[in-house]
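If you scroll down you'll find the structure; I have some questions about it.
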Amino acid sequence: MHHPRFREGRLSTGFIAEEFPDGFHGRPLDRDRARRFAAAAVAARILHVERARAISGTLNGPVPLLDAFRVSLGDGELGVSEARMQEGVLRAIIDAEPYEAHVDWHPGCPIMWLAERGAGRALQLFRVRGGYRVSQGGSSVATVVYGPQAAELASLMLRKGLADTSKFLLCPMPGLVVSVNVSEGQDVKLGETLAVIEAMKMENVLTAEREGKIKKISTKKGSSLGLDDVILEFA
C-alpha cells in the first residue's frame, strides 16, 4: 500500500511480478521504522525484566536491570544505551540519537501501542525464539535484545544455514489434504498436479515446479497440515 504505483492506481494482475521480481517480502525497514522496532523490543525486554524482578525468593537473586543493549533486527543491528522506563514512557539513545515514546503494553499482549512524536502506532508482537517478531506498517522482522555481554558472546556464534528444502513439497498454509495425486516411485512432469489442499474454504492445487520422481509421500487424504509440513519428498 506504500508503493507509489499502487497509490497511483496503476495496477494490473502482473503488479507483484513486475514490481517484486524476487517475490514480495514486505516493506523494507527504513531508519525510522528500524529505531521504532528496536524501541518496541527494548520496551518489551524491560517490562519482562521488571515483572521478573517483582518475584521474591529467586535462587540467584533479582534479575539485573540493564540500560544498554544490542538489538538484532533480522540481518541488521542497532545499539541502544541509557534505556529506561518511567511511568509508561521509554527514553533511550537508539542508533546514537535520543528516542522517547509512551508505551502501552504488558507481557503476553499481542499488540503494543507506541506514541512517538505525537503519532500513535500499533505494533504486533509475536513471541519467537530469543525475542519477538515485530510487525507494523507492512514491515515485519524478528528482533532479539542482547545485553552487552550476551551481544559479545552472540557475535562468536556460528550462523546456522537454512535447511535445503528443494526436494520437499511443503504445505503453503494450514489446511486439510483434499487429495494426493501422485504415488511413490512415480515420475512427474513440470506443472503436473501433486496435491490439493483446502484452506479457508478454498482448494489450492499444488503443482510440480520441475520434473522428478516421487521418493516418499508423508501425508494422506483427510490429514490436517500446518504451515511448512512435509507433503512429499522428491528423489
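Could you calculate the FRET efficiency of residue 50 with residue 25 from 1/(1 + (r/R0)^6), where r is the beta carbon distance between them and R0 is 30 Å, rounded to 0.05?
That gives a FRET efficiency of 0.30.
With everything on Cα atoms, drop me the angle between helix 31-53 and the longest principal axis of the chain, reported from 0 to 90° to the nearest 10.
Between helix and principal axis, roughly 70 degrees.
So how many Lys-Lys pairs in the chain land under 19 Å Cα to Cα, not counting same-chain pairs under 8 apart?
Pairs that pass both the separation and distance tests number 10.
Compare the peptides 22-31, 52-61 by average per-residue count of other Cβ atoms within 10 angstrom and give them in order, highest first.
Taking the mean over residues of other Cβ atoms within 10 Å, the ranking is 22-31, 52-61.
Okay, moving on. What number do you get for the chain when its Cα radius of gyration is normalised by 2.2 N^0.38 Å, N = residues?
In units of the globular-protein estimate, the chain measures up at 1.31.
Taking only DSSP H segments of four or more residues, each worth -39500 (n - 2.57), what value at 222 nm results for the chain once the sum is divided by all its residues, to the nearest 500 deg cm²/dmol?
Here the helix-only value at 222 nm equals -5000 deg cm²/dmol.
Another one. Could you put 112, 85, 202, 173 in order, starting from the residue whose Cβ has the fewest other Cβ atoms within 10 Å?
Ascending Cβ contact count within 10 Å gives the list 202, 173, 85, 112.
For region 32-78, what class follows from the C-alpha gyration tensor (a ≥ b ≥ c being the square roots of its eigenvalues): rounded when a/c is under 1.5, otherwise prolate if a/b is larger than b/c, else oblate?
The shape class here is prolate.
To the nearest 0.05, how large is the calculated FRET efficiency for residue 170 and residue 3 if R₀ is 35 Å and r is the Cβ-Cβ distance?
Efficiency computed from Cβ-Cβ geometry: 0.80.
Sticking with this structure for a sec: Grab the alpha carbons of region 31-154, take their convex hull, and tell me the volume per residue in Å³.
111
Another question, if that's okay. Mean separation of Cα pairs under 8 Å and 6+ residues apart, divided by the residue count of the chain: what relative contact order is that in percent?
Relative contact order comes out at 13 percent.
What shape does region 168-234 have by the C-alpha gyration tensor, where a ≥ b ≥ c are the square roots of the eigenvalues, rounded means a/c under 1.5, and otherwise prolate means a/b greater than b/c and oblate the rest?
prolate
Any read-out appearing in this document is the output of simple, stated calculations on the displayed coordinates, not a laboratory observation. What you see is a predicted model, and the numbers here were worked out from it, not measured in a lab. Heads up, the Cβs are rebuilt from the backbone with ideal geometry, glycines too, and the neighbour counts pull from every protein chain shown.
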